[in-house]
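Trainee: Provided herewith is a single structure, encoded as structure tokens, for subsequent inquiry.
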Amino acid sequence: MIVIKNKSALVKMRQAGALLSPIIEKACKEIALPGVSTAHIDAWIEKELARVDMSSKAKGYKGYRHVSCISVNDVVVHGVPSKEMILKKGDVVTIDVCASWKGYCADMARCFIVGGVQEKKASELISVAQSALDIGIEKMVPGNHLSDISAAIQQEVEHYGFGVVRDFAGHGIGKRMHEEPEVVNYGKPGKGPVLLPGMVFALEPMITLGDYKIEIDRDGWTARTVDRSLTAHVEDTVVITEQGPQILTRIVE
Ligand code: MF3
Ligand code: CO
């Protein structure tokens, strides 16, 4: 069942997004500098979440011990923060955080190049992940079908010759980080449930420079491309309204 959020739930979800987005934007721009470890970034985010009274949804989830996933280069998602993982100029990094405020979640991820653009292909990959997310969001209007989102994302990514990861997907979100429905990033349009106002989804295209096949490291989390090609992942939490989609995780106060 897809939960339709009422007004008071949406007020809390908007606030969750408004509190989380500036933290993630700042982590990407000011904290994730060359020479910094991903564990340091995670610790900084943990402190910021506490400051705004948000609870991490990742820490404690299936035994996960961090508030963020920080995925570097060939790691597409679920990169585990580590003191040994030191960022260097040119690394393609995604910071992904899901946290709740008064019981309601916001989930978002941003992707960037450490030290700014070094390689054209890496910045193109990130731009296409971003445009695929935006095009998916545009489909979040009442009356569309769920798979209209999926098809739009896949079409955008493949138009540029990049791969779409199949093993992970976007999702409904609310009181829980993962609710129904699963929002896959590929498929044919016109299928699945009809979209209604009050549905909230976290869309998250995960894309690769090479083949889309991924494997999980022995830590049970780190998901990287089998061919070790570069990846990009971005995510926003979005509510469907009568007027169209409203992005909750791009509110920077
Ligand atoms: N934010 C991720 C998502 O979009 C979830 C990572 S939480 C973890 O689903 F615990 F699995 F790391
Ligand atoms: Co998510």
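Trainee: Just to be sure before I move on: is A202 in contact (Cβ under 8 Å) with a residue 24 or more places away in the chain, within 16 Å of ligand 1 (Cβ to nearest atom), within 25 Å of V11 (Cβ to Cβ) and in contact with a strand residue (DSSP E or B) (Cβ under 8 Å, 6 or more places away or on another chain) in the structure I sent?
Mentor: Spelling it out, A202 is indeed in contact (Cβ under 8 Å) with a residue 24 or more places away in the chain, within 16 Å of ligand 1 (Cβ to nearest atom), within 25 Å of V11 (Cβ to Cβ) and in contact with a strand residue (DSSP E or B) (Cβ under 8 Å, 6 or more places away or on another chain).
Trainee: To continue, here is another question. Of the conditions (1) surrounded by 15 or more Cβ atoms within 10 Å (Cβ to Cβ); (2) more than 19 Å from V3 (Cβ to Cβ), D211 satisfies every one except a single condition; which number is it?
Mentor: (1)
Trainee: Moving on to the next point. Return the pair list, or none, for Cβ contacts closer than 6 Å from residues in region 66-77 that are surrounded by 24 or more Cβ atoms within 10 Å (Cβ to Cβ) to residues that are modelled with pLDDT under 95 and among the aromatic types (F, W, Y), at least 6 apart or on different chains.
Mentor: none
Trainee: Taking region 18-65 as the region of interest, how many residues are surrounded by fewer than 20 Cβ atoms within 10 Å (Cβ to Cβ) and within 12 Å of ligand 1 (Cβ to nearest atom)?
Mentor: Selection size over region 18-65: 7.
Residue by residue, here is whether (1) closer than 13 Å to D167 by Cβ; (2) within 13 Å of ligand 2 (Cβ to nearest atom) holds:
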position: V194; (1), (2): no, no
position: K213; (1), (2): yes, no
position: D219; (1), (2): no, no
position: R224; (1), (2): yes, no
position: V234; (1), (2): no, yes
position: E242; (1), (2): no, no
position: T249; (1), (2): no, yes
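Trainee: Within region 141-177, how many residues turn out to be within 16 Å of ligand 1 (Cβ to nearest atom) and out of contact with any helix residue (DSSP H, G or I) (no Cβ under 9 Å at 6 or more places or on another chain)?
Mentor: 7
Trainee: Please pick out the residue among K59, K83 that is basic (K, R), within 16 Å of ligand 2 (Cβ to nearest atom) and more than 21 Å from L248 (Cβ to Cβ). Spell out how you get there, then give the answer.
Mentor: Values: K83 fails: within 16 Å of ligand 2 (Cβ to nearest atom).
Selected residue: K59, the only one of K59, K83 that is basic (K, R), within 16 Å of ligand 2 (Cβ to nearest atom) and more than 21 Å from L248 (Cβ to Cβ).
The values are calculated or read from the model by the stated rules, or taken from the named source; none is laboratory data. Remember, predicted model here, so these are calculated numbers, not experimental data. Please note: Cβ atoms are built from the backbone with ideal geometry, for glycine as well, and neighbour counts cover all protein chains shown.
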